[in-house]
1. Take the residues in segment 268-287 that are without any contact (Cβ under 8 Å) to a residue 60 or more places away in the chain and in contact with a helix residue (DSSP H, G or I) (Cβ under 8 Å, 6 or more places away or on another chain); name whichever of them is surrounded by the fewest Cβ atoms within 10 Å (Cβ to Cβ).
2. Looking at segment 93-112, can you tell me whether even one residue there is in contact with a strand residue (DSSP E or B) (Cβ under 6 Å, 6 or more places away or on another chain) and at pLDDT 95 or above?
3. Looking only at segment 234-247, count how many residues are more than 17 Å from the chain's Cα centre (by Cα) and in contact (Cβ under 8 Å) with a residue 12 or more places away in the chain.
4. Among 49, 73, which is under 20 Å from the mean Cα position of the chain (by Cα), assigned to a helix (DSSP H, G or I) and either within 19 Å of residue 129 (Cα to Cα) or modelled with pLDDT under 90 (or both)?
5. Quick one: would you say residue 62 is within 17 Å of the chain's Cα centre (by Cα), outside any helix (DSSP H, G or I) and modelled with pLDDT under 95?
């Protein structure tokens, strides 16, 4: 119930005005968001690189409904790619199709993303297309497949809590297009299409990872990025990968910025390829609320900060 409430609040303009205008809330949000400016994001990337971690950077701003806003997002991504290269940082980018104009026009969105992927290709950078709510899965995978037909520096995300995900992963492996970040899923989806039990979702995520790490999948070019902070998931997957003789450099674990920092460092010391998802921008409120919904510890941290503890 709490998780559903927090996700609902992520869409509330009234709650957004309160949280974004309240100083203590903004300070707590900085735990999960690198900052509102590109320079703050670049500084965060550099610090993470210095600790042996790779990065994927996300300019926040989803569900835009105007062409001008989408084009401004495209411009920001091109500029952050140029700055990443100019500063020799170890980072790719992540983006959401709803930030690229998907709700304006599908073809307009595709051309925007294609432009970014082409720039990233020239810069030697990777682009990850984030997955959003279930209503956008089909169109996201459609546009991803179109991009993969032309570019090899683009990947997608699959959410383990959706009942359809095993079929989606199997199809992408068969097509040789399975460069995937696998995650549990952070949106509020009904039981008809998504697992609701945490143990069931954990099991699905582990099984999807095993599919990606199978010898035949790897021969077809499957490349796994496991996006999870759950040690009951990534420890199992890491043991499985070792048992299968998978090169540790061929797959990676991904954490969100600001979450389990000590564990991030431990995993790097243990020899794992670690990538941190670094978000930035003024439109941080929906992202922040989803982080609170994911883990009770995040919400407790937020409430303590509001109380001045």
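The values are calculated or read from the model by the stated rules, or taken from the named source; none is laboratory data. Given the structure is predicted, the values throughout are model-derived calculations rather than measurements. Glycine also receives a Cβ, built like all others from the backbone with ideal geometry; neighbour counts cover every protein chain displayed.
1. Here the answer is 271.
2. Yes, some residue in segment 93-112 is in contact with a strand residue (DSSP E or B) (Cβ under 6 Å, 6 or more places away or on another chain) and at pLDDT 95 or above.
3. 7
4. The unique qualifying residue is 73.
5. Yes, satisfied.
A quick yes/no check of all residues on (1) at negative phi; (2) surrounded by fewer than 16 Cβ atoms within 10 Å (Cβ to Cβ); (3) touching a residue at least 40 places away in the same chain (Cβ under 8 Å):
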position	(1), (2), (3)
171	yes, yes, no
176	no, yes, yes
188	yes, no, yes
192	yes, yes, no
200	yes, yes, no
